Every structure is written in structure tokens, then in C-alpha cells.
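First the structure, in the form of C-alpha cells, and then the observations on it.
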């Protein structure tokens, strides 16, 4: 039994490792993709956002699918789709085919990730054991995130960008073979029905907005096509809200946002996704195109961000429990925002000794916020909605990331179209990301000023919120 549990833990952790590795490994290979595929910044944005958009929009549905149709079945299906999609990406002859492969990867990841955690939780009914298992799952995920920039730089430099996708194939095969043998099937017979209208409207609405933001700089912000996309996005998202209000089992229960803490934490999480993913999109490009680094060296140079996140994240929950959610999140967002503003003043001749600490400040600041924000979102609602609240928090971060890549890319293109250099465009993008983060810090502090300090729970521990904190 212990052996089976250990194998299950290894399989589920490896699946999440593969998903998180893919999040960061692609960024290191973007300069090589741009060179070999002869694409512009717009193409690179689609390569990243096509994946993130599908994960963001299908993540909540993926968890419901796992509960309703079987966690093992959904996990293996997600692993199979992700692996096959990685092959499609690796042989893509053009940006269009690569974006298509990234869409398929996003679908696979949206099934694999929530199913892996659901399998882990179902196999560990004892709270103490479950906490340790989830801790290992999250820690292994962090290793994947930290390994991505270095592995991506080495693989792209040595074999070319297709290698960053081929590395998923042996991992996927192991997951499918071993998972089919050791994973036990489980499901929730009371799981709600799939919210098909809500899922479709959310994908189309956010997708239309993303298209307009990415293509607006190239086609003109006042062109009929772009204006039509913005109008369609507004109409689709309004329809989404209307549908979710009437659905008996919506994918996004809007009543949750009546809780002030839930709204604040998810708004802050959206700002984190916007700034972190939007800025990370340009880190390797800065080192390669502005400072002339190789792909391998650029991957190593971006490491302070992910390394700081891996090192600091395990302590964030304890610090929040000691000093309070509001104090820690505000401080973390402020530190990250100042780090991004500092990155806005680096140039081609800035020595790395004067750059790495700015990246480390960004990673440390965001690491201090992610776990407490998720914990606060879960605590703000009833215990039966904790899983849903965690999924909404992850979705908020992913949607913020989609918009961050789109908006900051538009900032860079706008600067270049005005005659500025790529370096000047990057400086402006980092400043915008920093300002968004600082606004999030100020808003978080102000919105909760009159409430008692909210103690975000250490994993496995639940504290009751004060009446004032719950609004």
C-alpha cells in the first residue's frame, strides 16, 4: 500500500512537474524561435498566450471533468494530449502550426494539472499525510519552474528550439505507462454538470480580447477588425456574466465575489499574473537581444527569479500566519513592483552584478504573495467550496498572465513604432509591469485597512476570519 502510494505520488508530481517546466522552458527558447521561424514579436506572443489562454479558461472545467468522469481517466487523457501536442510543437514548420500545438498543450495541461492534485488528495484521506503529499507536489512543481530557463537555454542552444518540446515525450510516456498500472480510479458522484455555455463564452471572450491586444499594434488600434474584436469581447464577457448568474452550477459562482477578501485576493492574483508572466516573457529577450548573451547564458541569467520563488515560497504561508495576509501580500507586491521598476533602468552596458538582485527582488516579492493569496481565497469561502476557490485563484493568475503578455507586448511595439529602440520598449514594459504591481500593493492595503489582520493558514490549518475581514 505504501509502495503504491509512493508511486502514485511520484506519478502525480511528475505530471505537474512537466506542466510547470513547460511554463518556463519556452521563454528561454523564444529568441531561437524568432530567428528560425522568421517571426516578429506578435508571433512570439501567440506562442506563449495560446497555451496560457487555454489553461486559464479550461482549468476549472478540468477539475469538474476529473470529479465527474474519473480522475485517473482525465489525468491519463490530459497526459496523452499534452505528450502528443508536444510532438506536434516539435515538428511545427511554421508559427501557425506551433500555435496550434500550443493550444493542444493547453488543453492537455488543463486536464492533467487539476486531476493530478485530485488523485493525490483522494489517495491521502488523513489530513497530516495529505498536507505532506501536497507539499511535495508543490515543491516538485517548483523545481520544474526553476529548471525551465536553464534547460530551455541549453536545449535550444545545442539542438534548436524543437528540443524543448521533445523533452516532454519520454516524461509523458512514463506517465501513461506507469499511471495506467498504479493509479486507482475515483470520482465524485455528486459532481456538478459541466458548464458548457460558460466555458465557451469565457474562452471566446478572453480570446477575442487577447487577439485585439496582440494584433492591435500591428493592424492599428482603430482598425475595424480590432475595434470589432474589442466589441465582441465586451459582448461575450457580458453574456458570460449573465449566463453564470442563471446557471444552477456555474463554472464561476459569482456569489463568491461578495466576500471582500475573496475579491481582493483574486484581484491581486490577477495583478501578479499580469506582471510576472508579462515581464518574464521579455527576460531572455533582454539578455539575448540587448546584452548579447547566448541562449544558455541568458537562461542562467534569468535564474534568480525562479530560484528565489522556489526558495521563498515554502515560507510564505508561515510568514502570513505570523504577520497577517494584508501585511505580507502588500510588502511582497511592493518589493516585486520596485524590482520591476528597477529593471526598467537597466541597459545594454549594465553589468550583471547590477541586474541579478533586481530579478531576485521580483522573484522574492511574488513568492511572498502567491501562497497567501491562494490561502486567503480559500479561507474567504466555506470549506465545501475550497477546491473551487483555489481553482478560481489559479485561473485569475493565468488570465492576468494572458493579458500581461498581450499588453506589455503592445507597449514594446508601440515604443518601436514611435521610433524607439527595442531596449527602450523593454524599459517601458518593465515600468508598466512595476506600476501595475505597486497599484495592486496599494489597493490590497487600502481595501483591507479597516479589517483585522487576516491570518492566512499554513497548509493543513484553518483559521476563522473575523467578521470585518469578510466584509
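What follows draws every value from the coordinates through simple rules; no lab data is involved. All values derive from a computational prediction rather than experimental measurement. Here the Cβ positions follow ideal geometry from the backbone for every residue, glycine too, while neighbour counts run over all protein chains shown.
Taking the mean number of other Cβ atoms within 10 Å as a proxy for protection, how do you rank 11-17, 290-296, 352-358 from highest to lowest?
11-17, 290-296, 352-358
Contour minus end-to-end for residue 222 and residue 126, with contour as 0.36 nm per residue of separation and end-to-end as the Cα-Cα distance?
The residue 222-residue 126 span can extend by a further 28.8 nm.
Report the FRET efficiency, 1/(1 + (r/R0)^6), for residue 258 and residue 311, where r is their Cβ-Cβ distance and R0 is 30 Å, rounded to 0.05.
Taking R0 as 30 Å, the efficiency between residue 258 and residue 311 is 0.25.
Divide by every residue of the chain the summed helix terms, -39500 (n - 2.57) for each DSSP H run of at least 4, and state the resulting mean residue ellipticity at 222 nm, rounded to the nearest 500 deg cm²/dmol.
Calculated from helices alone, the mean residue ellipticity at 222 nm is -27500 deg cm²/dmol.
Find the centroid of the Cα atoms in the range 315-354 and in the range 252-307, then give the distance between the two in whole Å.
Computed from Cα coordinates, the inter-centre distance equals 12 Å.
For residue 200 and residue 69, calculate 0.36 nm times their separation in residues minus their Cα-Cα distance, and state this gained length in nm to one decimal.
In short, 45.2 nm is gained.
With each pseudo-label sitting 7 Å past Cα toward Cβ, what's the residue 185-residue 134 distance in nm, one decimal?
Once both label points are built, they end up 2.7 nm from each other.
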